[in-house]
1. Checking the table 18/215; 35/150; 60/215; 18/74; 60/150 against a 26 Å threshold on Cα-Cα, which pairs fail?
2. What whole-number value in Å² describes the accessible area per residue of the range 75-120 for a 1.4 Å probe?
3. If you scale each eigenvalue of the Cα gyration tensor by 5 and take the root, what three semi-axes come out for the range 1-116, rounded to whole angstrom and sorted largest first?
4. Could you work out what % of the accessible surface of the range 59-152 is carbon and sulfur, using a 1.4 angstrom probe and leaving DNA, RNA and ligands out of the count?
5. From the backbone phi of the range 228-236, what are the Karplus-calculated ³J(HN,Hα) couplings (6.51 cos²θ - 1.76 cosθ + 1.60, θ = phi - 60°) in whole Hz, Gly and Pro given as x?
6. With a 1.4 Å probe and all protein chains left in place, how much accessible area per residue does the range 8-58 have, in Å²?
7. With a cut-off of 8 Å between alpha carbons and a minimum separation of six or more residues, what is the relative contact order of the range 75-120 in percent?
Amino acid sequence: MADDQPRRFFDPLHQLVKTQYGPEAGASCDICLSKLAGLGGHSCSACNIDLHDACAGYFKETTSFFAHPWHTLKLSRIPHPSASSPVRWSCDLCLEECRPGSFVYRCIQCLFDVHPLCTMLPQTIRSPLHPEHDLRMVPSGGNYCSACEKSLPVWRYVCGGHCVVRLHIDCVSGETTTSAGQGDAAAADATGANGSHTAGRRPRRRTVIAKFLLKTSFRIAVNAATGGLGSPVLDVLAAIFN
Ligand SMILES: [Zn+2]
Ligand SMILES: [Zn+2]
Ligand SMILES: [Zn+2]
Ligand SMILES: [Zn+2]
Ligand SMILES: [Zn+2]
Ligand SMILES: [Zn+2]
């Protein structure tokens, strides 16, 4: 994209400043929530905004998303909780928290919120766990995951044919992300954080989503879903997680 102008909609009040983050920088990107250390970005210190160049370049002011086809979603910033608005926001797709100060895509009419990275998830995917048919992400109620046998959230991948195959987003790759998640929970338990297995079972799904998007077998589907324009974002994530 021949667009060097930091996009105005991220910060309506100020021009974002081009920033090179040092190797020790602790800031993380308010779009993809991943580290900025050693990378180029744009920031506003007054508004506490930090963005990867790749994220600021790829994500637009509005987007349409298959999981909420009725309305256009608008980039919005999650407010910090206050006495007047104590609400904690979460992503309607992956159910993880939307961090205060971070950006989400929101339908203002329906209060539907989704992480920017989650809008890159392909609607249709082919999983090694069920190579016979395409899987489609659909909303549904109840049921258990065909891989990990734990209960499913509303949004899950199901067989597009007529097979009874239903999978978590983070189980669909058939790799060991589930046991990694359990490892995280075990670590949290070991430090005595809390034993709540309903809330704490998959504590770092945003990392799981990022890793999901990076899987070589899925990059083709992700690139198709983003018209190839998401590649710089994937490259940033790859530099952080690989
Ligand atoms: Zn980013
Ligand atoms: Zn600002
Ligand atoms: Zn999400
Ligand atoms: Zn809506
Ligand atoms: Zn599962
Ligand atoms: Zn099938």
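The values are calculated or read from the model by the stated rules, or taken from the named source; none is laboratory data. In this text the structure is predicted, and so the values were computed from the model without any measurement. Keep in mind that these areas ignore ligands, DNA and RNA; they rest on the heavy atoms of the full protein, side chains included. Shrake-Rupley method; radii C 1.70, N 1.55, O 1.52, S 1.80 Å.
1. 18/215; 35/150; 60/150
2. On a per-residue basis, 45 Å².
3. Largest first, the range 1-116 gives 24, 17, 13 Å.
4. Here it works out to 53 percent.
5. With the stated coefficients, the range 228-236 comes to x, 6, x, 3, x, 5, 4, 5, 4 Hz.
6. I get 46 Å² per residue for this part.
7. Over the range 75-120, the number comes to 38 percent.
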